[in-house]
1. I need a count of the residues in region 59-71 that are touching a Leu at 6+ places or on another chain (Cβ under 9 Å) and open to solvent by less than 30 Å² (accessible area, probe 1.4 Å).
2. Would you check which residues across region 148-166 are surrounded by fewer than 19 Cβ atoms within 10 Å (Cβ to Cβ) and in contact with a helix residue (DSSP H, G or I) (Cβ under 7 Å, 6 or more places away or on another chain) and list them?
3. Kindly establish whether Asn105 is closer than 25 Å to Lys139 by Cα and either modelled with pLDDT under 90 or surrounded by fewer than 14 Cβ atoms within 10 Å (Cβ to Cβ) (or both).
4. Can you list residue pairs whose Cβ atoms sit under 8 Å apart, with the first residue in region 152-173 being under 11 Å from Pro57 (Cβ atoms) and in a loop (DSSP other than H, G, I, E, B) and the second being open to solvent by less than 10 Å² (accessible area, probe 1.4 Å) and among the β-branched types (Val, Ile, Thr)? Count only pairs 6 or more apart in sequence or on different chains.
5. Would you confirm whether any residue within region 35-58 is surrounded by 15 or more Cβ atoms within 10 Å (Cβ to Cβ), in a strand (DSSP E or B) and among the charged types (D, E, K, R)?
6. What number of residues within region 73-89 are in contact with a Leu (Cβ under 8 Å, 6 or more places away or on another chain) and open to solvent by 10 Å² or more (accessible area, probe 1.4 Å)?
7. Which members of region 132-151 meet the condition of being part of a loop (DSSP other than H, G, I, E, B) and among the β-branched types (Val, Ile, Thr)?
8. Name the one entry in Ile117, Ile66, Ile107 that is touching a strand residue (DSSP E or B) at 6+ places or on another chain (Cβ under 8 Å), in a loop (DSSP other than H, G, I, E, B), more than 15 Å from Met32 (Cα to Cα) and among the hydrophobic types (A, V, I, L, M, F, W, C).
Amino acid sequence: MKAKWLFVVMLGMILMLTACGGPKADVSVFMMGPNGFPSEAAEKLEVSLKSKVGEIPTVKLNTSPIFSLEKMIVELAAGGNGIFILGEEQFKGLSNQAGFVSLDNIINPKDYPDGVIEIKEEGKAAEKHLYGIPLTGNKWMKEQGFEGKGLYAFIPQNAPKMDEALKVIQIIAQK
């Protein structure tokens, strides 16, 4: 009888663990526009991005159906996302905090002049680099029927898997 109950408890624990979503993606992309982002659109974009990236690194697209400054701040502070896609106002507002990764080494800044911004870090001279990829007219977005107007993709300095995030943002930036 004890063995039967032990089996039931173990089976329950296995079911609970598998319901938790399994392994975590290598690159989590958090997307929130000025008016939020519908989950149906997110699913479409996620499938498309996964097909472009391939099996490695694994990618997960998370969105917010409504705009929430508090949610954005929590997502940034938590450090679990490799890439953020936010509205222009949020992107430019966050640039004052110097928390972006320069993309100059992997993407030509001349291809995205609107993503080149000057950031002054404490104790250093101001530097201009490509920090964000403007998604207006972006190929990946257009292929899925979205304009991408006013959205910027960037990598925060606290991205958990930097090399993988850099690979994925290169794919997002393809013209």
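The values are calculated or read from the model by the stated rules, or taken from the named source; none is laboratory data. All values reported here derive from a predicted model rather than from experimental measurement. FYI the Cβ positions are ideal-geometry reconstructions off the backbone, even for glycines, and counts take in every protein chain you see. Areas reflect the complete protein model, heavy atoms only, side chains present, ligands, DNA and RNA absent. Shrake-Rupley method; radii C 1.70, N 1.55, O 1.52, S 1.80 Å.
1. Quick first cut of region 59-71, residues touching a Leu at 6+ places or on another chain (Cβ under 9 Å) only: 59, 61, 63.
Still in the running and open to solvent by less than 30 Å² (accessible area, probe 1.4 Å): 59, 61.
So the answer is 2.
2. Residue satisfying the conditions is Gly150 alone.
3. Values: closer than 25 Å to Lys139 by Cα: yes; either modelled with pLDDT under 90 or surrounded by fewer than 14 Cβ atoms within 10 Å (Cβ to Cβ) (or both): yes.
Yes, satisfied.
4. Going by the 8 Å Cβ cut-off, the qualifying pairs are Lys161/Val27.
5. no
6. So in region 73-89, the residues in contact with a Leu (Cβ under 8 Å, 6 or more places away or on another chain) come out as 76, 84-88.
Now drop any that are not open to solvent by 10 Å² or more (accessible area, probe 1.4 Å), which leaves 76, 88.
Within region 73-89, residues that are in contact with a Leu (Cβ under 8 Å, 6 or more places away or on another chain) and open to solvent by 10 Å² or more (accessible area, probe 1.4 Å) number 2.
7. Taking region 132-151 as the starting set, the residues that turn out to be part of a loop (DSSP other than H, G, I, E, B) are 135-138, 144-150.
Passing the criteria: only Thr136.
8. Working: Ile117 fails: in a loop (DSSP other than H, G, I, E, B); Ile66 fails: more than 15 Å from Met32 (Cα to Cα).
Selected residue: Ile107, the only one of Ile117, Ile66, Ile107 that is touching a strand residue (DSSP E or B) at 6+ places or on another chain (Cβ under 8 Å), in a loop (DSSP other than H, G, I, E, B), more than 15 Å from Met32 (Cα to Cα) and among the hydrophobic types (A, V, I, L, M, F, W, C).
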